[in-house]
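Some notes on the structure that comes next.
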Amino acid sequence: MGPRHAAKQRSERHVGVLKVLPPPLAEVVPPKLFTVSGAVKAQECVLAGVLASDSSISGAERLAPVPKARLGTVLHRLVEDSAKGKIQGTGDVGANVSHHFDVLLKDAEVELSQSEYATMVPLRASVGEITFRNRVRDAKQRALEVLNRSLPRPPHAASSAPTSGGLPRNASELWLESGELRLRGRTDLLSIDGSRVLIEDFKTGDVDVEDASPQLVLYALLAVAQRPGSSVEIAVLGGTRKKLSAEDLAAARASLKSKTDQASSGAATLAEHLASPGSMCRHCDFRHRCRAYQTWAVSTWANPSAERKEPLDTWGVVLRIERPHVQWVTIRIRDDAGREVDLVKIDASLSGVQQLSVGARFYAFGVAAAASSRDAGGLLVHPRAFRELGNGDMQRAWPSFFVGTGA
Ligand code: SF4
């Protein structure tokens, strides 16, 4: 299929469905154990940490994913599969890795094509050809590094000869948990040499140990809980190592406890009591269900400031709908801060947008700014114009749209 045909096919697909906004989350029941990724989030917002640790919440209950992140998942999976011994074939090792990546990418794209996110295919279009090639090359290199390490493959890893501390000497994909820490997680790579434990992460892309440190330090706490007295180093695969001091571990433990103590295990808790709206909300896929975020966001929109923390979301009452082009509509709303805001270049193939009427409540999460967001004095303001489409897939946003039930 040529690129022009692919682009035409993308434009003919439905971008998504204009859904009814679900009600805000009133209560949550904090888990017995936080996941490592949930505990990292809890450092900034305990509610986000609780939600990230709850495996019963499906992807459909969250805001739409973005294709760059979906591509990142495919790349990470390539390195994971390498560690699991799943990369096989009759060709040379490099060819086997390349073939395995092609299969993973195809599977991800087929799955997307059959969902409401079909326009995210091909995933390479979301980052551009050069970035795509560089990221794939980097991930393949890491997959080869992992293959060359001759790691034990799960499930054998878990049954490798344990050390006196109860951890195997070398393991990939090893689950660790501690009731005392209220934490569980799966390390990418763990190896033991004497009294030293090394924990490595499979991050792909331009990520160093400092970037990965918040989660690696938590894995270190889990390892030390099972093997007290160990000295611990952390690293991103192929990168420099960082030795954690006893003070580093004590500080991480205290910080973790201060957050998990706020969310009593199994006790129904008001969601708003655990929420801490702020810059973390930009990365939270539960904004459409979070009353604390929505109240905070509206209170900031009308205030110019030197720094803006809120995500590029907007909502309010529809004032006008126009269709200036066959491929897009524009919608003017009065946002909940009382400002007139334009949503331009909203994909006309969004299912349900043609039925949207004046007076309805309209919500857009994850749009792009369409105009300067500075006021006359040079301070930053929440934009008054947003867009969905751009010039090509690399420049478009991947928002989630909803209609509200009340006026
Ligand atoms: S939207 Fe913000 S306040 Fe609400 S759970 Fe997410 S990070 Fe926390």
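Values in this text are rule-based calculations from the coordinates and carry no lab data. Note that this is a predicted model, so its numbers are computed, not measured. Counting neighbours? That spans all protein chains shown, and the Cβs are built from the backbone with ideal geometry, glycine included.
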**Asked** Got a sec to turn the phi values of region 375-389 into Karplus ³J(HN,Hα) couplings, 6.51 cos²θ - 1.76 cosθ + 1.60 with θ = phi - 60°, whole Hz, x for Gly and Pro?
**Response** 8, 4, x, x, 7, 7, 10, 5, x, 9, 9, 10, 9, 9, 7
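Å³ per residue of the Cα convex hull, for region 219-297? Write down the numbers at each step before the final one.
On the way: hull volume 12.1 nm³, N = 79.
Dividing the Cα hull volume of region 219-297 by its residues yields 153 Å³.
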**Asked** Taking the Cα atoms only, what angle lies between the long axis of helix 129-148 and the longest principal axis of the chain, rounded to 10 degrees?
**Response** 20
**Prompt:** Which order do I333, I321 fall in if you start with the one that has the fewest other Cβ atoms within 10 Å?
**Reply:** I321, I333
**Item:** Zone residues, region 44-60, relative to H273, backbone N less than 20 Å from point 7 Å out along Cα-to-Cβ
**Value:** 44-54
**Request:** Give a residue-ordered list of calculated ³J(HN,Hα) values for region 104-114 (Karplus: 6.51 cos²θ - 1.76 cosθ + 1.60, θ = phi - 60°; whole Hz; x for Gly, Pro).
**Result:** 4, 5, 4, 4, 5, 6, 5, 4, 5, 4, 8
**Message:** With unit charges on the beta carbons (Lys and Arg positive, Asp and Glu negative) and the dipole taken about the Cα centre of the chain, which residue among G205, S231, V353 sits farthest to the positive side?
**Reply:** V353
**Prompt:** So how do W296, W301 line up by other beta-carbon neighbours within 10 Å, fewest first?
**Reply:** W296, W301
**Spacing of the two label points (7 Å from each Cα toward its C-beta) at A302 and S351, in nm** = 3.8
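Let me check against my output: what whole-number percent is the relative contact order of the chain, with C-alpha pairs under 8 Å and at least 6 apart?
Relative contact order of the chain: 19 percent.
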**Complete:** P(r) of region 156-260 over all Cα-Cα pairs, 10 Å bins starting at 0, rounded to whole percent, reads 15, 52, 30, 3
**Item:** Nitroxide proxy distance, nm - points 7 Å out along Cα→Cβ at L380 and K19
**Value:** 2.9
**Prompt:** Which whole-number percent of Cα pairs in the chain have a distance greater than 40 Å?
**Reply:** 25
**Request:** Compute the FRET efficiency between D138 and V29 as 1/(1 + (r/R0)^6), taking r as their Cβ-Cβ distance and R0 = 35 Å, and round to the nearest 0.05.
**Result:** 0.30
**Prompt:** Per-residue ellipticity at 222 nm for the chain, helices alone: DSSP H runs ≥ 4 residues times -39500 (n - 2.57), over residue total, nearest 500 deg cm²/dmol?
**Reply:** -10500 deg cm²/dmol
**Asked** Roughly how many whole Å is it from the C-alpha centroid of region 300-349 to that of region 363-407?
**Response** 6
**Request:** Report the extension gain between I130 and W175 in nm, rounded to one decimal, defined as 0.36 nm multiplied by the number of residues separating them, less their alpha carbon distance.
**Result:** 12.6 nm
**Message:** Kirkwood Rh over alpha-carbon pairs of region 305-403, then Stokes-Einstein at 4 °C and 1.567 mPa s: what D in µm² s⁻¹, rounded to an integer?
**Reply:** 94
**Request:** Find the centroid of the Cα atoms in region 247-277 and in region 72-103, then give the distance between the two in whole Å.
**Result:** 38
**Item:** Using alpha-carbon coordinates, inclination of helix 246-260 to the longest axis of the chain, degrees
**Value:** 40
**Message:** To test your reading of the geometry: what angle, between 0 and 90 degrees and rounded to tens, separates the Cα axis of helix 3-12 from the longest principal axis of the chain?
**Reply:** 60
